[in-house]
Amino acid sequence: MSPVKNGQIIFNEAPGPGPLVLGKSMIYKEQAIDTDTIVLDGGFLVKVLYLSIDPVIRGRMSAPPGWGYAAGKPIINYGLGRVLRSEHSSFKVGNLVYGMMSFEEYAICPAAQAGRFSVVDNSIPLAAWLGPVGLAGETAYYGWKEYAPSSLKEQAALAPWSIQLAKRDGMKVIASAGSEEKVTLMKQYGANVAFNYKTTATKDVLAKEGPIDVYWDNVGGETLEASITAAAPFAHFIECGMVSGYEGQTYGVKNLFLTIPKSIQMHGFVVSNLVSKWGAEFREVLPKLIASGEIKYNVEVVKGLEKAEETLTGQMSGKITGKPVIQVATE
């Protein structure tokens with residue numbers, strides 16, 4: 001087979017404070033690749049079908065070496081693709097695989113990183129593997145199972161899947177979002193109280209509807225501050241992100257002292273630290289809940305690898321309502 005086009009999203013340079021400047025930190029480039037002869041060194045070659053857009057991409061752009069991206073190389077995040085060639089015994093030609101992939105049309109998955117990939121099926125829509133069954137779903141499931149005592153009755157939640165997990169545990173859910181469209185979605189997902197934090201003060205809603213026993217935090221800043229004020233004694237705060245500060249903004253939370261007399265238990269975590277404990281259960285339970293319709297989700301598919309940076313910018317600004325996924329290719 002003659003060489004084919006391989007589009008790539010290359011990390012160019014770390015962004016400054018504020019929103020991303022299109023075409024500066026992430027650059028779309030094309031190069032040729034011979035899928036029949038490229039060296040695999042014990043790994044496998046994947047035709048990339050979908051790639052996940054998540055706020056963590058913005059965080060890794062400014063992160064130190066070891067976790068941050070390397071300039072001149074494709075950025076990396078979770079993806080889904082079909083194996084074209086393989087020199088690894090665990091992955092066969094034709095397998096549908098999910099894992100950490102480089103942002104390009106054809107990705108080589110090294111043998112040393114094979115443990116970061118899993119073979120999946122098409123029992124659910126393919127894009128769902130990067131939404132409710134992807135990083136966002138794993139974050140919600142692992143964090144909820146590990147840190148949210150099921151005996152508690154009240155919660156403030158900020159992600160659609162944590163809302164639904166809380167409702168399955170019989171909790172009252174207070175949810176906030178940054179647009180009326182998202183507020184409507186939160187209500188559809190089962191939130192007892194849903195509000196637009198851009199038009200309604202979070203502290204006022206929590207003062208009326210609280211106190212809260214569990215706070216799911218991926219925002220930080222003023223929302224975290226308001227939740228500390230509204231927290232019940234011995235509340236659990238599950239910290240999985242602080243997106244309010246990802247673009248260089250800083251907000252000094254003024255009431256951290258209250259975590260002491262209230263005995264608030266704050267749990268920071270990353271998915272990789274909990275996957276060995278909850279990963280197998282998640283893969284067994286969540287796809288079935290998705291297939292049956294018990295867990296609702298909203299994935300927003302954007303076609304074209306070259307749209308990755310624009311889509312990330314839209315997610316960070318709140319302009320995208322659903323979980324954004326890039327469709328790189330069709331089967």
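The values are calculated or read from the model by the stated rules, or taken from the named source; none is laboratory data. Values in this document were obtained by computation on a predicted structure and should not be read as measured data. Here the Cβ is made from the backbone with ideal geometry for all residues, glycine too, and neighbour counts use every protein chain on show.
Numbers below:
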item: Any hit, the stretch 265-285, residues being over 27 Å from Arg116 (Cβ atoms), of a type outside the set (Phe, Trp, Tyr) and in contact (Cβ under 8 Å) with a residue 24 or more places away in the chain; result: yes
item: Filter pass, Ala166 being of a type in the set (A, V, I, L, M, F, W, C), in a helix (DSSP H, G or I) and crowded, with 20+ Cβ neighbours inside 10 Å; result: yes
item: Out of Ser317, Ser244, sole residue that is under 20 Å from Lys203 (Cβ atoms), surrounded by 12 or more Cβ atoms within 10 Å (Cβ to Cβ) and polar (S, T, N, Q); result: Ser244
item: Flag if Pro132 is at pLDDT below 95, in a loop (DSSP other than H, G, I, E, B) and within 28 Å of Met61 (Cα to Cα); result: yes
item: Residue in the stretch 20-72 that is modelled with the lowest pLDDT, counting only those that are in contact with a Leu (Cβ under 8 Å, 6 or more places away or on another chain) and assigned to a loop (DSSP other than H, G, I, E, B); result: Leu20
item: Residue match in the stretch 274-287 (condition: surrounded by fewer than 17 Cβ atoms within 10 Å (Cβ to Cβ) and hydroxyl-bearing (Ser, Thr, Tyr)); result: yes
item: All positions within the stretch 231-266 that are within 27 Å of the chain's Cα centre (by Cα) and more than 30 Å from Pro19 (Cβ to Cβ); result: Ala231, Ala235, His236, Ile264, Gln265
item: Boolean, Lys303 is of a type in the set (D, E, K, R) and assigned by TED's automatic domain parsing to the domain that holds Gly81; result: yes
item: Among residues of the stretch 73-99, those that are in a strand (DSSP E or B) and farther than 21 Å from Pro324 by Cα, counted; result: 4
item: Scan of the stretch 199-216 for residues that are in contact with a helix residue (DSSP H, G or I) (Cβ under 9 Å, 6 or more places away or on another chain) and touching a residue at least 60 places away in the same chain (Cβ under 8 Å), ordered by number; result: Val214, Tyr215, Trp216
item: Test: residue in the stretch 51-60 that is under 30 Å from Trp216 (Cβ atoms), loosely packed, with under 14 Cβ neighbours inside 10 Å and not assigned by TED's automatic domain parsing to the domain that holds Ala207; result: no
